[in-house]
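Please read the structure below before turning to the comments.
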Amino acid sequence: MPAMDIGYYHPLVVHFAVALLFVGVIARIVSLAGRPAFVGPMAATLLIAGTLFAAVSVYTGERAHGPIEAMPGVRPEVEAHEAWGERTQNLFIIVTIVELLALLATRTQFSKYARPVTMASAAIGVVGLFFLYEAGEHGGRIVYNFAGGVGTRDGDAADVERLALAAVYQQGMAARQSGTGAEAATRFDEAAMRFPASIDAQLIAAESQMIDRKDPQASLERLRRITPPSDNRFQRTRHGMLLADALNATGQRDAAIATLQQLQSAFPDNARIRARLGELQAGR
């Protein structure tokens, strides 16, 4: 199996490792109280299983890191993520050995040592959770701060295209939040031009004409050229709501009301449509 085929599974298995180890350590701490009786065996099972998944996570992560590490600026985060992942794996291997020693002690004449050994497992496990947190923190930064892995997991070029659209959208939103409406509108126009087949990109650009450029007439003209698919409830609703707002902003309140009434007939359970229709009918 090619290396990247194995690396593909890293985001899947790592979540099992996180869940099993976290719950396992908590269960081991609870088990020190002595009851309920099932918590002790449960903790041992979870910790051993979590360690196995941690080992698989490290293995798959090593196979997946190449294309991501080559991205500009992301190498330090990848190296830190790998280092903390390996530390987590190694520490929980120690926890697993301790758990096995505790299990052995309970079945021999050394049963009096079982409790101190499980206490040691709990203490080491708490440190392991810190390591686990650090590994997850750096992994999250790779994904959310550097967009690591997009287009590399399965080699699908469409993933990279979606990343490009998301990047332009986020740039537009950042510009809007900073108060530079013209820059925001430019970014949203760029998204609409670059992705003409994306109804969402077209709707965002049309909305931007009203919000960022304060030009409801341009927004209205743009919206009239957009035909959302009949089977997409969200896009039809968004298009109709924007169309009503643009009509109202250009002084065509009756047409806006009629648009919302048609939309309400199609989606009678939508509270937002009902509320906006009530506002327009009340003259607000």
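Considering Cα pairs under 8 angstrom that are at least six residues apart, work out the relative contact order of segment 103-197 and quote it in whole percent.
Relative contact order comes out at 13 percent.
Return the single residue from Asp215, Asp231, Asp245 with maximal mean-square fluctuation; model: Gaussian network over the chain, springs between Cα atoms under 10 Å.
Evaluated over the chain, the most mobile residue of the options is Asp231.
Give me the three principal axis extents of segment 202-258 from the C-alpha atoms, as integers in angstrom, largest value leading.
Each principal axis gives a Cα extent; for segment 202-258 these are 30, 24, 15 Å.
For the chain, calculate the relative contact order in percent as a whole number, restricting contacts to Cα pairs under 8 Å that are 6 or more residues apart.
It rounds to 12 percent for the chain.
Relative contact order, percent, of segment 157-281 when contacts are C-alpha pairs under 8 Å separated by at least 6 residues?
Relative contact order comes out at 14 percent.
Where does helix 75-106 land angle-wise versus the long Cα axis of the chain, in degrees 0 to 90, nearest 10?
It is inclined by approximately 40 degrees.
Using the basic label-point model (7 angstrom from Cα toward the beta carbon), what is the Gln177 to Met193 distance in nanometres?
2.6 nm
Stick to Cα atoms and the Kirkwood definition of Rh, then tell me Rg/Rh for segment 78-235.
So for segment 78-235, dividing Rg by the Kirkwood Rh gives 1.32.
Could you identify which residue out of Ala205, Ala44, Ala197 has the top mean-square fluctuation in a GNM of the chain using Cα springs shorter than 10 Å?
In the Gaussian network model the winner is Ala197.
Could you tell me how many degrees, from 0 to 90 and to the nearest 10, lie between the Cα long axis of helix 114-144 and the main elongation axis, the longest principal axis, of the Cα atoms of the chain?
That works out to roughly 30 degrees.
Net charge near Gln235, counting Lys/Arg +1 and Asp/Glu -1 over other residues with Cβ under 13 Å of its Cβ?
Around Gln235, the charge tally is 0.
Could you work out the Kirkwood radius for segment 122-213, taking every pair of different alpha carbons, averaging 1/r and inverting it, reported in Å?
15.4 Å
Running a GNM on the chain with Cα contacts under 10 Å, which residue among Glu221, Glu86, Glu134 ends up with the highest mean-square fluctuation?
Glu221
Give me the compactness ratio for segment 186-284, meaning the Cα radius of gyration over 2.2 N^0.38 Å.
With N residues counted in segment 186-284, Rg over 2.2 N^0.38 Å equals 1.05.
Against the longest principal axis of the chain, how steep is helix 181-194, in degrees 0 to 90 to the nearest 10, with axes from Cα atoms?
Helix 181-194 sits roughly 80 degrees off the main axis of the chain.
As a test of the formula, what do you get for the chain when each DSSP H run with n ≥ 4 contributes -39,500 (n - 2.57) and the sum is divided by the residue count, at 222 nm and rounded to the nearest 500 deg cm²/dmol?
Helix contribution divided over all residues of the chain: -26500 deg cm²/dmol.
Based on the Kirkwood radius over alpha-carbon pairs, what is the Stokes-Einstein translational diffusion coefficient of segment 3-144 at 37 °C with 0.692 mPa s viscosity, in µm²/s?
209 µm²/s
Read-outs throughout are calculated quantities, based only on the coordinates presented, and are distinct from any laboratory measurement. These figures come from a predicted structure and were not determined experimentally. We place every Cβ from the backbone using ideal geometry, glycine too, and count neighbours over all the protein chains shown.
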